[in-house]
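Working notes for the structure below.
The values are calculated or read from the model by the stated rules, or taken from the named source; none is laboratory data. Please read these numbers as outputs of a predicted model, since none were measured by experiment. Cβ sites come from the backbone with ideal geometry, for glycine too, and all protein chains shown count toward neighbours.
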């Protein structure tokens, strides 16, 4: 179904708005996937806070022009589905990677994060990036470790004194 000019403008505006607030984007060729498989992909993406949209390449180029994903411009060739991570940088990569494991017809072509275009082979690396909560948890563990070691070291001095006195007492009782 052909879109009229107003509908095209709406699509461009919607994708541009999403792209401006997204952390990362993935472009994948979906040639050969059924409607049911695409519906499953969209459902999984919604659960993870990922915006998935099939957009004509010319409209996608216009939508991405003034965003940090403009680097994807030349790679927009063929039937492409765009996935934007809205909550954390690795969300789209995790969704696409999991879906691609069971559907080999989904081929990742473009990965963009922070204004840089990454090779498609970096999908796994991006997918293993921690979520916000995981990153905060790791940071807190790193910050807590020196304090915990200091407390254990300071506590060890009186503990060693008590053990030494107990050993001397036991030695005197045995003698």
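Worth pointing out:
- When restricted to residues that are in a helix (DSSP H, G or I) and either outside the structural domain of residue 110 (by TED's automatic domain parsing) or more than 18 Å from residue 83 (Cβ to Cβ) (or both), the stretch 1-34 contains 7.
- Residue check, residue 94 out of contact with any strand residue (DSSP E or B) (no Cβ under 7 Å at 6 or more places or on another chain) and over 22 Å from residue 122 (Cβ atoms): no
- For first residues located in the stretch 130-144 and assigned to a helix (DSSP H, G or I), partners that are surrounded by 11 or more Cβ atoms within 10 Å (Cβ to Cβ) and lie 6+ apart or on another chain with Cβ distances below 8 Å form the pairs 132/87; 132/88; 138/130.
- As a summary of the residue check, residue 37 satisfies the conditions (1) assigned to a helix (DSSP H, G or I); (2) buried (at least 18 other Cβ atoms within 10 Å of the Cβ); (3) touching a residue at least 60 places away in the same chain (Cβ under 8 Å) except for the one numbered (2).
- Residue check, residue 95 assigned by TED's automatic domain parsing to the domain that holds residue 47, under 30 Å from residue 53 (Cβ atoms) and outside any helix (DSSP H, G or I): no
- Considering the stretch 44-87, the residues that are within 17 Å of the chain's Cα centre (by Cα) and in a helix (DSSP H, G or I) include one that is surrounded by the fewest Cβ atoms within 10 Å (Cβ to Cβ), namely 47.
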